[in-house]
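> Pasting in a structure now, in structure tokens, and then I'll have a few things to ask.
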Protein chains: 2
Amino acid sequence: MKTLAEAFHHTLQDIYFAENALTKALPNVAKAAGNPEFKALVLAHLAETKQQITILDKVFASIGQKAAGTKCDAIEGLIKETDSIIKDATGTALDVCLIAAAQAVEHYEIARYGALREWAKVLGHSEAHEMLGQILDMEKAANSKLTALAVSAVNVAKKAA
Amino acid sequence: MKTLAEAFHHTLQDIYFAENALTKALPNVAKAAGNPEFKALVLAHLAETKQQITILDKVFASIGQKAAGTKCDAIEGLIKETDSIIKDATGTALDVCLIAAAQAVEHYEIARYGALREWAKVLGHSEAHEMLGQILDMEKAANSKLTALAVSAVNVAKKAA
């Protein structure tokens, strides 16, 4: 990997792997969550993640590449962290930690799509630039909802303590 | 882990582990970086990370706990991703990917400190709340510098392609 075009293609494969891994991990998070609002948010984000994968398929097509994933260590670490929380926490600690872990995943995705969108622009991939911006906006909206929920959930947790 | 207080203590140990892991990983990133501005930024952030560990020592003390880390899978995944970039990329791809990976780490830390600061407030740990806010501001400033650098580096990469 030497050029910006190669870096773009590699990072696209990296986030494609990450989104696909999330479609497998999110059902477990929804199942474990106690807070009903959080559960609903996770299920809504699962549907959104599948939609984002369809958009990513089009991004690959727009640069003449086949959609494919490449192992992403970062998302695997983030998902492993979520699994540990499900294993080790109960009650209110489970909910606040799962919400915080979901925020960390959103932040990761925002960083990734921010870079990809910028690179697409510099590379002159205008269609890819637009589609990546569309996914970035979806991730930012999901993060805002999680942040609002985190504040309310933590106050519920305090009352329950 | 059942209560918000336990979740707070656990997550504090998690970020303590993460910051300590970064003090070991950042010198390799600085060594690999070709872009001199990025190299300088990484070295400055290494010094800042050590300062943040000292602040975290005080946060632990303020809640009557001993400073200690607990394995953080997320930061291990993020660092593993950085190591793969150093191994697999050269030239301009190396720089743009390393800068993007550093942004992902900053985003992770911003998510973590954002949650911890909020939890400290709800738990009535006013000293911890203030100190965690101080670290959060440092991470946000580091992220802004990286974002500005990312934009200039990617344009340099394009010209070199």
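> Does residue B:56 count as open to solvent by less than 30 Å² (accessible area, probe 1.4 Å), closer than 19 Å to residue B:22 by Cβ and without any contact (Cβ under 8 Å) to a residue 40 or more places away in the chain?
When the stated conditions are applied, residue B:56 does not pass them.
Per-residue answers, yes or no, for (1) within 19 Å of residue A:12 (Cβ to Cβ); (2) more than 9 Å from chain B (Cβ to nearest Cβ); (3) open to solvent by 10 Å² or more (accessible area, probe 1.4 Å); (4) outside any helix (DSSP H, G or I):
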residue	(1), (2), (3), (4)
A:110	yes, no, yes, no
A:141	no, yes, yes, no
A:144	no, yes, yes, no
A:147	no, no, yes, no
A:156	no, yes, yes, no
A:159	no, yes, yes, no
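> Here are some conditions: (1) open to solvent by 50 Å² or more (accessible area, probe 1.4 Å); (2) over 21 Å from residue A:44 (Cα atoms); (3) part of a helix (DSSP H, G or I); (4) more than 10 Å from chain B (Cβ to nearest Cβ). Residue A:64 meets all but one. Which one does it not meet?
Among (1) open to solvent by 50 Å² or more (accessible area, probe 1.4 Å); (2) over 21 Å from residue A:44 (Cα atoms); (3) part of a helix (DSSP H, G or I); (4) more than 10 Å from chain B (Cβ to nearest Cβ), residue A:64 violates only (3).
> Yes or no: residue B:102 assigned to a loop (DSSP other than H, G, I, E, B) and under 20 Å from the mean Cα position of the chain (by Cα)?
Answer is no for this residue.
> Restricting to region B:112-130, name every residue that is open to solvent by less than 20 Å² (accessible area, probe 1.4 Å) and more than 9 Å from every other protein chain (Cβ to nearest Cβ).
Residues of region B:112-130 open to solvent by less than 20 Å² (accessible area, probe 1.4 Å): B:112-113, B:115-116, B:119-120, B:128.
Of everything in region B:112-130, those that are open to solvent by less than 20 Å² (accessible area, probe 1.4 Å) and more than 9 Å from every other protein chain (Cβ to nearest Cβ) turn out to be B:113, B:120, B:128.
> Follow-up. For region A:86-108, how many residues meet the condition of being open to solvent by 10 Å² or more (accessible area, probe 1.4 Å) and more than 7 Å from chain B (Cβ to nearest Cβ)?
Summing the residues that are open to solvent by 10 Å² or more (accessible area, probe 1.4 Å) and more than 7 Å from chain B (Cβ to nearest Cβ) in region A:86-108 gives 6.
> Search region B:1-42 for residues being within 14 Å of another protein chain (Cβ to nearest Cβ) and not in a helix (DSSP H, G or I), and hand back the single one that is nearest to residue B:150 (Cα to Cα).
Across region B:1-42, the extreme among qualifying residues is B:35.
> What's the number of the only condition in (1) surrounded by 15 or more Cβ atoms within 10 Å (Cβ to Cβ); (2) of a type in the set (Gly, Ala, Ser); (3) touching a Gly at 6+ places or on another chain (Cβ under 8 Å) that residue A:34 fails to meet?
(1)
The values are calculated or read from the model by the stated rules, or taken from the named source; none is laboratory data. Since we're looking at a predicted model, the values are computed, not measured. As a convention, Cβ positions derive from the backbone with ideal geometry for all residues, glycine included, and neighbour counts pool all protein chains shown. Calculation scope for accessible area: heavy atoms of the full protein, side chains included, ligands and nucleic acids excluded. Shrake-Rupley method; radii C 1.70, N 1.55, O 1.52, S 1.80 Å.
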